[in-house]
Each structure stands twice: as structure tokens, then as C-alpha cells.
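Please treat every number below as a calculation from the coordinates, not as lab data. Remember, it's a predicted structure, so these values are computed and weren't measured experimentally. Neighbour counts are summed over all protein chains in view; Cβ atoms, including those assigned to glycine, are modelled from backbone coordinates with ideal geometry.
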Amino acid sequence: MGKLTRRQFLRLAAAQGSGLVAMGALAGCATSEPTAPHSVLDPVGEDEMPLPEPRLEGEISLEQAIASRRSVREFTDESLSMEEISQLLWAAQGITDPRGLRAAPSAGALYPLELYVAVADGAYRYLPQGHALQVVTGEDGRQGLWEAGLRQGALQAAPAVFVVTGIYQRTEGKYGGRTERYVELEAGHAAQNMLLQAVALKLGAVPIGAFYDDQVQDVLGLPSEHRPLYLIPVGHPEA
Ligand SMILES: Cc1cc2nc3c(=O)[nH]c(=O)nc-3n(C[C@H](O)[C@H](O)[C@H](O)COP(=O)(O)O)c2cc1C
């Protein structure tokens, strides 16, 4: 499979008979209510672009991945493939059960997290139902994320920057004062899954917590209730 470029997305979507949403489509779906469990078999909608099927076997054991995970901040210029992006998103928030349950645990199965990925050709929102991507902008947001992230080198060097956001309202109705704790714990679960998946794919990554929330929201066009919790630059480690 090729690299994750906007042109290839368009071609792939056209080949599969699905269209891509116009830029800014995020605004129309960003304030969605708590997600009802969907079947992993749900078809993707017309405005969604399917990702390659995640694989359930790899070359590195879980123990090896845990033992060798280190924060990596320097990357080669090589892009991530569609398969790699698919696998990383699936590890963090993919649906792994016909009842709609996901790879990372969630208090009350309310799933307050939304994931985004910024690459050279645009930024995309991950849609766990249907394991698909939705275009949020055709601009390269990585420069903006680098600025938002205190100009940390890893954000500039990485071919892909994943953004974990939390929509606290999804959890608040049921868990009240425990909400912040729960949503942020969930971000940790999802991020760790992604970090270990990166190791298993022989990729490097670092979880970044130091950034200006409002600037990250501006770059991705997020509404205020989508609070960024982690930036995770991922790439091929320098040898
Ligand atoms: C909540 C949190 C926030 C972090 N923020 C940053 C960050 O802003 N920039 C960075 O380079 N590393 C960041 N890190 C990564 C830590 O620096 C790193 O995990 C630590 O140095 C231990 O190294 P290791 O990850 O290789 O085990 C963060 C880690 C955590 C858990």
C-alpha cells in the first residue's frame, strides 16, 4: 500500500465508491452525543474513507514491546504507510468487540476520546465505527502543532502527529466529579496502546503533554469541548 496522502485518499475513496467530506466537516460532527455501541461490521458512511484492516498478529511479542519501548524524538523523512496509521489508530481506539467495545478500556463504555492524525497532506479524524478516517483539513497541521507544542523537535521531525482529545461531557453525566480523572486515565490507556503498537511496528514515538490547548484546537479546528490531552509524534526512528 502507498503512503498516506490526500491524493491517494481521494483515489481510494473513489475506487471504493465513497466520497470524502468537505473541509471543515469536523464542525458538523464534533459535538456528537455519547457514542452508542456499534457493530464493528457497520459499513462506513458516504463521507468516510475506510482504513486498511488492522492485523492481529505481529513480529514482536507484547513483552518485547514493553521492554523496548523508549520515547523516540528523532525520525527519518519516511512517511507512515496507510497500514501503519490504521494499526496505530486501531490500537488506541479501535473496535474490538461486536458490542462496540474498544481496544482501550472506558469508564461506563462512554468513550469520551476522539483521535486525530496530522500528516503532510492534511489532518484526519479517526472514526472507530467502520475503522475509517474523515478529513478535517487539507492543510499540513504539523507546523501549527509544533508551534503549539512549544516547538519541540519531535513534533517537527515526525511524519505523523496523533492527537488524543477528550470530550468530558460524554462522561460527566454518569460520573460527575470523577470525570476529569476518568477521561485522563483513558487517554493514558489509549496512548500506551499506541506507543506499544508503534514499537511492534518498529516505529518510534513520544507522548507529549506540554502544549497550548487552545493552539492545538485552532490547528485542527476543534470546538472548545474537545480538549487535547496528548500529542504523539510517530515516525521511523533514526538508525
Ligand atoms: C504525561 C507525560 C507527558 C510527557 N510530555 C512530554 C513532552 O512534552 N515532551 C517530551 O519530549 N516528552 C514528554 N514525555 C515523555 C517523557 O519525557 C518520557 O516518558 C520520560 O523521559 C521517560 O523516558 P521513556 O519514555 O523513554 O521511558 C511525557 C511523558 C508523560 C507520561
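Under a model in which nothing but the beta-carbon of Lys, Arg (+1) and Asp, Glu (-1) is charged, region 123-175 shows a dipole of about 180 debye around its Cα centre. Residues whose amide H lies under 5 Å from that of Y230, counting only those 5 or more places away or on a different chain, are V164; hydrogens are built 1.01 Å from N in the peptide plane. The phi torsions of region 128-142, fed into the Karplus equation with coefficients 6.51, -1.76 and 1.60 and a -60° offset, translate into couplings of x, 5, x, 6, 9, 10, 10, 5, 10, 7, x, 8, 7, x, 5 Hz, rounded to whole numbers, with Gly and Pro shown as x. Close amide-amide hydrogen proximity is noted between F75 and E238, each under 5 Å apart and 5 or more residues distant or on a separate chain (H modeled in the peptide plane; Pro and chain starts excluded). Distance between the pseudo-spin-label points of R178 and R55 (7 Å out from Cα toward the beta carbon): 3.9 nm. For V136, nonlocal amide neighbours, meaning residues 5 or more places apart or on other chains whose placed amide H falls under 5 Å from its own, are A123, Y124, R125. For a Förster distance of 25 Å, can you work out the FRET efficiency between the beta-carbons of R151 and E74, rounded to the nearest 0.05? The computed FRET efficiency comes out at 0.95.
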